[in-house]
Protein chains: 4
Amino acid sequence: MANKKVVLAYSGGLDTSVAIPWLKEQGWDVIAVCLDVGEGKDLEFIKNKALQVGAVESYMVDAKDEFAEEYALISLQAHTWYEQKYPLVSALSRPLISKKLVEIANQTNADAVAHGCTGKGNDQVRFEVSIKALNPDLEVLAPVREWGWSRDEEIEYAMKHNVPIPATLDSPFSIDQNLWGRANEAGVMEDPWVAPPEEAYGLTKAIENTPDTAEVVEIEFVAGKPVALNGEEMKLADLIQKLNAVAGEHGVGRIDHVENRLVGIKSREVYEIPGAKVLLTAHKELEDLTLVKEMAHFKPVIEKKLSEIIYEGLWFSPLRPALEAFLKETQQYVNGTVRVKLFKGHAIVEGRKSPNSLYNEKLATYSKEDMFNHNSAVGFIELWGLPTVVAAGVNKK
Amino acid sequence: MANKKVVLAYSGGLDTSVAIPWLKEQGWDVIAVCLDVGEGKDLEFIKNKALQVGAVESYMVDAKDEFAEEYALISLQAHTWYEQKYPLVSALSRPLISKKLVEIANQTNADAVAHGCTGKGNDQVRFEVSIKALNPDLEVLAPVREWGWSRDEEIEYAMKHNVPIPATLDSPFSIDQNLWGRANEAGVMEDPWVAPPEEAYGLTKAIENTPDTAEVVEIEFVAGKPVALNGEEMKLADLIQKLNAVAGEHGVGRIDHVENRLVGIKSREVYEIPGAKVLLTAHKELEDLTLVKEMAHFKPVIEKKLSEIIYEGLWFSPLRPALEAFLKETQQYVNGTVRVKLFKGHAIVEGRKSPNSLYNEKLATYSKEDMFNHNSAVGFIELWGLPTVVAAGVNKK
Amino acid sequence: MANKKVVLAYSGGLDTSVAIPWLKEQGWDVIAVCLDVGEGKDLEFIKNKALQVGAVESYMVDAKDEFAEEYALISLQAHTWYEQKYPLVSALSRPLISKKLVEIANQTNADAVAHGCTGKGNDQVRFEVSIKALNPDLEVLAPVREWGWSRDEEIEYAMKHNVPIPATLDSPFSIDQNLWGRANEAGVMEDPWVAPPEEAYGLTKAIENTPDTAEVVEIEFVAGKPVALNGEEMKLADLIQKLNAVAGEHGVGRIDHVENRLVGIKSREVYEIPGAKVLLTAHKELEDLTLVKEMAHFKPVIEKKLSEIIYEGLWFSPLRPALEAFLKETQQYVNGTVRVKLFKGHAIVEGRKSPNSLYNEKLATYSKEDMFNHNSAVGFIELWGLPTVVAAGVNKK
Amino acid sequence: MANKKVVLAYSGGLDTSVAIPWLKEQGWDVIAVCLDVGEGKDLEFIKNKALQVGAVESYMVDAKDEFAEEYALISLQAHTWYEQKYPLVSALSRPLISKKLVEIANQTNADAVAHGCTGKGNDQVRFEVSIKALNPDLEVLAPVREWGWSRDEEIEYAMKHNVPIPATLDSPFSIDQNLWGRANEAGVMEDPWVAPPEEAYGLTKAIENTPDTAEVVEIEFVAGKPVALNGEEMKLADLIQKLNAVAGEHGVGRIDHVENRLVGIKSREVYEIPGAKVLLTAHKELEDLTLVKEMAHFKPVIEKKLSEIIYEGLWFSPLRPALEAFLKETQQYVNGTVRVKLFKGHAIVEGRKSPNSLYNEKLATYSKEDMFNHNSAVGFIELWGLPTVVAAGVNKK
């Protein structure tokens, strides 16, 4: 009788490498899948490593464009600043990875999907809810959560099963990265009074080491999507990567966040989002110019909800496309160009222009060109303040 | 028969100086009131100037402490970032100034209150609604809005009535300032594609000119209120002013905002908030450490509403104290110390600690000390994802 | 030289009839437009009356279907209960009427549009903002607001200009009606301590006079739209009218509301919405069965905003289609049948069923069929309560 | 060595009666606690029954007043309509019961608290989170969830341990009741297409059987709290009970709800809330008269959040008192009298009056008394609609 098959989200690191012989011992044939969402790994090497440690099949999927166009773009347009600080990094890639894992599980008639998360993070929730939503018939395995080993026990098992021990094993950090940014936690950062050490960062220079000359970039948006950088059209994944490099050089986009996890604890995370920071800043400015007041004031309600459900692993809830339908309707106005100065860790918007600009110099000016009807203010103020004034009169008595 | 009396909010500038003889011509005795909310004016000079141009009485009111304790502190604790960008400056002082004007009107048995606003700004709304709420029997006059003169006509009138023409008359800018920050608009900034010129700024150095060495400050909070700077206790007004100086030196707190005014237009404003930026950043970090998740996630709803009603001139609506009652209840937890590095325009929180810290290293750690129950996650994920999974199953069919 | 042309929203009542000669005297050629949005008027008579009192042209527009499909349906799907009490009646027809007026103005090259509202209601705002949004070049006239006559002065003018005085002139009420309901105000109802008199109602029987036998109806919904009544398919306008009759007979849908107008005052209104009440109740029940929890809990936020902007005359704001995009995305799940008992003023939902039902008897049952995993609750509760428990522990000290 | 002690929430029903010998077998001394929150039980009988089936101690606590003043009153003032349908019944009593259990556990030096909930309801969450928040050192036991018996197995165990089998055992329903209402589920109601049978109801008459003559009651509120019924002052618990009787007689307050449980499933519940329905309706009407518009429009946001966290077992989260601080600040205005007609299942507000009424007949009237300034509307409309009109102009191009 044939073994049952499990599709494993394989990163090449120690945990998922050890998971391969461990799953084999439990009677599974392991199909390893390594996805590229822009973390800059050597995928060919990882693909082969999976086979070497015992996978029966090994897949490599380049999902950078899909990640940029359908996940990072939502984060950009919805300004998904979780707790007003962190625009989502891992939370965005998990549903896409889940989707790819389920697709391969369906193609290969696999019975289960496995991920390498522990029991205290958000990612286990994101993976399991996403996978179950996409195919409720698949079993979901979480070997690392299940075996519950100490690091020493894991190494002993790895050595016994000829799993190579990575050189970086004694790094105290736990890192996840994609096009949209890099997340890092653990080690000395577990004390929120201690500043993150310089080694915690991988995408950005310390401000102390950034150039003394600013770099000015122009970003062009069409329907809320960045389409050109400094006049050169390029696809979104490339544009983000390019901005990651240049903004990282200027130290843009470091975040140090004590955040509330879905599983009920606070954790301290360090993020780097050089390109995302530039794009989010520029996009907001273009919205400030082009969205009508009542839309500008309500959109944050949608943004907050979208940030929360994505963070909380509910990407595949029917609520997400409904929130996105609102979002997409607003983006038709977000056309134009934003000029951003990158300097000493800042992304400073210096100018913005748009064919949809609602800024009307004739109405705004204090010069002779003024066309605003100052007399209208009198009636406006009277009715605007009427409830407050009536209430004050009544309740003072 | 005696003249009727009007209490005028007097700044010493051209508009309100011209308003004095103009109001006199209309048959009013003018009582000038100059308030100090931390803009650093020579109040004695202004007080005398009012008398010189024709006021029958002239008052000087030092309202810095009241402004800090009852207005700026609300902005700080409620993170009142209007449109996610501007933490309110003028909008905070208008209700306090209105309150003082009405108090003096009541004391002097005045019949009216006058302000110097034009017909296209937010401040006219804030003044008029506030004054009417505090005393509906007072008439409100807006001479500048009423006369509708060009600059040239105003100067001609000033010269005819011996009103001194200020040397800064040809400044293109329109500035308002208090402890909490400085607002500037008009001139070349009326084109949102043009970067604000360096002359537009008054409280902060350009990043290019800031020191190459960082300055680290520690701020201590009790019940959400900053009580000590670098271990030295001081009252809030002093603490803000001290921070304005040191953070301004490091270029912290410049804002360039295309904003939606209450009167229906977009305008472009430049703000500087060096001290406020440091305090708002530090306070948020302390809340991240000390507020329970569901409070941290709901408080922004209160913050947004509070920001909007203050911006919109509804400080004296009964809604404001209700929102504040929520706010104050949350602040009892916000105790502790935040360490902030000021450098090249940044206020970077490097560390935070609190007796009310909900960050529990034993629950958060990835080390052997881990006390978090990883098995609980299995049941949690199952029920957390159940609605999404059921919905996916039903609607896929 | 030809007269300028104005398109007048003509109801056949005294105010708009008097407006015709009044506008003529001001030099306008009046094009009368009478719209049928389901108020059950004799349109042919009204059309002729306009010509008789001096209009140069007179149009009759049957807009019932458009009103049902594009306006009432939004109210239904979005549960637009303004202030949790009134599902919008006049507020829904004003934008449609404005649209038709502007279309005719464009076709006839008119220079202006006129409406018959006074200066203290919401409708003037709805008309003027809508008309200006649809064609900013049109002038908007409000003759009734402008002339400011007392009733006696108006009658005198009418008699002098051969405008027929309606027999109902001494009715104390001010009524507006369409497919979705009937609004009534003024007269003795201006005292909110007094119960509305029976004569105030026109569409519904008093409960005292309703049948002693209930009537049960079944309504079928497809994508949130009622498509059949008691198994008989019909278009929405007809279905609403049919329900108005049957539910009105059973006394369903009276509302007595002290509401906050946009212009700053409270007013007391009496509404009747027999059909709308039945449909809104049934639709909500079907959503309770078919919407996933997180969508069911967030949709009210959209509903509230949509209700408010429609009430406040902002139908043509870009925010409305964005809110509708969210709404429409949710309605794909709202398929099924609802059984409603009409009896003594009630519309009681007795049963609901749907192919998209997320109610799963196997998960919900307390019988032996139970498939819910009771053990999952333990882990769920532990993590769900963790923030509260940690906070309690920390802050108790 | 002495047994450990457990405080058991004891209802006198089969489940918690069986739990006593079961807990004893596990080595616990059981302290039974029976709380009266207004469900109308024979407490003395229940207290003795606990001892008879094996409890070492048995307490009876009359918590009706505390429940009315501190729990039901919050529901009333906050209009806690969970999912717009159900104003919370069991969800309100659980935190109070937990508080009493913990108090007795502390007094008796008990080691644990036990409740009789199964693993699929909301109440287990409410109990466990509340108990742990009040005393994290207490163990929480859930015998019914733990033993997982079928009904037959439970009866067999009961008979073996001399636990009396209640006569109502074959009732298909699962009922919880307190002052604020009665909840019922299970049996044929598990099919949401089937109307609840008449036997499912216990507090209200079917409309078919209600009197043909209406009853009119007047309720007086002080600071949002009902203090007198028909002019007779009484304490809240009594007032609610009195209203339950009279409104129940008129068939007021039946609810049939397919609701989203916290544990991820939909369930169908039938509620009866005769008194609560009358009070909630009257209170809302008084707020409509007395709250200023911006407060009336924002309070529902607080109400929704408060409803949700109470439903979800987070009564003891720090967020609840913060929401209540907002709430209490609003209630100072809610003074006055409401006249309600009870008839055929309806609680119809016929009139409301208040010393804090913001309804101003002089502003609202269409009679000659009108003092509203109709001309103010012109300026108001212009600025109110300006963003929409500007946006329409720009984006039409």
* For the stretch B:173-185, what are the residues that are assigned to a strand (DSSP E or B), within 11 Å of chain A (Cβ to nearest Cβ) and more than 10 Å from residue B:270 (Cα to Cα)? -> B:174
* Asked: Restricting attention to the stretch A:176-191, which residues are within 15 Å of residue A:122 (Cβ to Cβ) and of a type in the set (A, V, I, L, M, F, W, C)?
  -> A:183, A:186
* Do we have residue D:188 as surrounded by fewer than 17 Cβ atoms within 10 Å (Cβ to Cβ) and either within 14 Å of chain B (Cβ to nearest Cβ) or modelled with pLDDT under 95 (or both) here? -> yes
* Taking the stretch C:59-81, which residues are of a type outside the set (A, V, I, L, M, F, W, C) and in contact with a strand residue (DSSP E or B) (Cβ under 7 Å, 6 or more places away or on another chain)? -> C:59, C:62, C:64
* To do: Looking only at the stretch C:226-241, decide whether some residue is assigned by TED's automatic domain parsing to the domain that holds residue C:37 and basic (Lys, Arg).
  => no
* Asked: When the stretch A:20-49 is examined, which residues are found to be within 14 Å of residue A:115 (Cα to Cα) and among the aliphatic types (A, V, I, L, M)?
  -> A:20, A:23, A:30, A:31, A:32, A:33, A:35
* Do we have residue D:259 as within 30 Å of residue C:371 (Cβ to Cβ), acidic (Asp, Glu) and at pLDDT 95 or above here? -> yes
* Asked: On the given criteria, is residue C:330 among the polar types (S, T, N, Q), under 28 Å from residue D:264 (Cβ atoms) and surrounded by 23 or more Cβ atoms within 10 Å (Cβ to Cβ)?
  -> yes
* To do: Would you mind finding the one in C:211, C:192 that is part of a loop (DSSP other than H, G, I, E, B), in contact (Cβ under 8 Å) with a residue 24 or more places away in the chain and in contact with a Phe, Trp or Tyr (Cβ under 6 Å, 6 or more places away or on another chain)?
  => C:192
* Does the stretch A:289-296 contain at least one residue that is of a type in the set (Gly, Ala, Ser), in contact with a strand residue (DSSP E or B) (Cβ under 8 Å, 6 or more places away or on another chain) and not assigned by TED's automatic domain parsing to the domain that holds residue A:183? -> yes
* Six or more apart or on different chains, Cβ under 9 Å: which pairs go from a residue in the stretch A:156-177 that's touching a residue at least 24 places away in the same chain (Cβ under 8 Å) to one that's surrounded by 11 or more Cβ atoms within 10 Å (Cβ to Cβ) and of a type in the set (Phe, Trp, Tyr)? Could you list them? => A:157/A:22; A:157/A:147; A:157/A:149; A:161/A:22; A:163/A:157
* Asked: For residue C:63, which of the numbered conditions (1) farther than 27 Å from residue C:241 by Cβ; (2) surrounded by fewer than 24 Cβ atoms within 10 Å (Cβ to Cβ) fails to hold?
  -> (1)
* Asked: Out of all the residues in the stretch A:271-288, which are aliphatic (A, V, I, L, M) and surrounded by fewer than 24 Cβ atoms within 10 Å (Cβ to Cβ)?
  -> A:280
* Structure fact -> Restricting attention to the stretch A:120-157, the residues that are farther than 21 Å from residue A:24 by Cβ, among the small types (Gly, Ala, Ser) and buried (at least 20 other Cβ atoms within 10 Å of the Cβ) number exactly 3
* **Flag for residue D:194 being of a type in the set (Val, Ile, Thr) and either closer than 28 Å to residue D:95 by Cβ or in contact with a His (Cβ under 7 Å, 6 or more places away or on another chain) (or both)** => no
* To do: Determine the pairs where a residue that is within 17 Å of residue B:374 (Cβ to Cβ) and outside the structural domain of residue A:32 (by TED's automatic domain parsing), located within the stretch A:128-143, has a partner that is part of a helix (DSSP H, G or I) and basic (Lys, Arg) with Cβ atoms under 7 Å apart, the partner being 6 or more residues away or on another chain.
  => none
* Asked: Just checking, how many residues over the stretch A:110-146 are among the hydroxyl-bearing types (Ser, Thr, Tyr) and modelled with pLDDT under 95?
  -> 1
* Asked: Can you find even one residue in the stretch B:233-248 that is out of contact with any Gly (no Cβ under 8 Å at 6 or more places or on another chain) and closer than 30 Å to residue D:379 by Cα?
  -> no
* From the residues in the stretch C:91-117 that are crowded, with 22+ Cβ neighbours inside 10 Å and among the hydroxyl-bearing types (Ser, Thr, Tyr), which one is nearest to residue D:287 (Cα to Cα)? -> C:93
* Restrict the check to the stretch A:70-90 and report whether at least one residue is among the hydrophobic types (A, V, I, L, M, F, W, C) and over 30 Å from residue A:291 (Cα atoms). => no
* In the list D:74, D:20, which residue meets the criterion of being of a type outside the set (Phe, Trp, Tyr) and either in the same structural domain as residue D:226 (by TED's automatic domain parsing) or surrounded by 22 or more Cβ atoms within 10 Å (Cβ to Cβ) (or both)? -> D:20
* Criterion violated by residue C:14 - all others in (1) in contact with a strand residue (DSSP E or B) (Cβ under 9 Å, 6 or more places away or on another chain); (2) modelled with pLDDT under 95 satisfied -> (1)
* **In the stretch C:349-384, the residues that are at pLDDT 90 or above, facing chain D (nearest Cβ under 8 Å) and under 43 Å from the mean Cα position of the chain (by Cα)** => C:349, C:350, C:351, C:352, C:353, C:357, C:358, C:359, C:384
* Structure fact -> When restricted to A:223, A:200, the only residue farther than 30 Å from residue A:268 by Cα and touching a residue at least 40 places away in the same chain (Cβ under 8 Å) is A:223
* Structure fact -> Given the conditions (1) under 17 Å from residue C:76 (Cβ atoms); (2) within 14 Å of another protein chain (Cβ to nearest Cβ); (3) β-branched (Val, Ile, Thr), every one holds for residue C:213 apart from (1)
* Any chance the stretch A:226-243 includes a residue that's under 21 Å from the mean Cα position of the chain (by Cα), within 21 Å of residue B:345 (Cβ to Cβ), crowded, with 21+ Cβ neighbours inside 10 Å and at pLDDT 95 or above? -> yes
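The values are calculated or read from the model by the stated rules, or taken from the named source; none is laboratory data. These numbers were taken from a predicted model, which means no experiment stands behind them. Cβ coordinates were reconstructed from backbone atoms using ideal geometry, including for glycine residues, and neighbour counts include every protein chain displayed.
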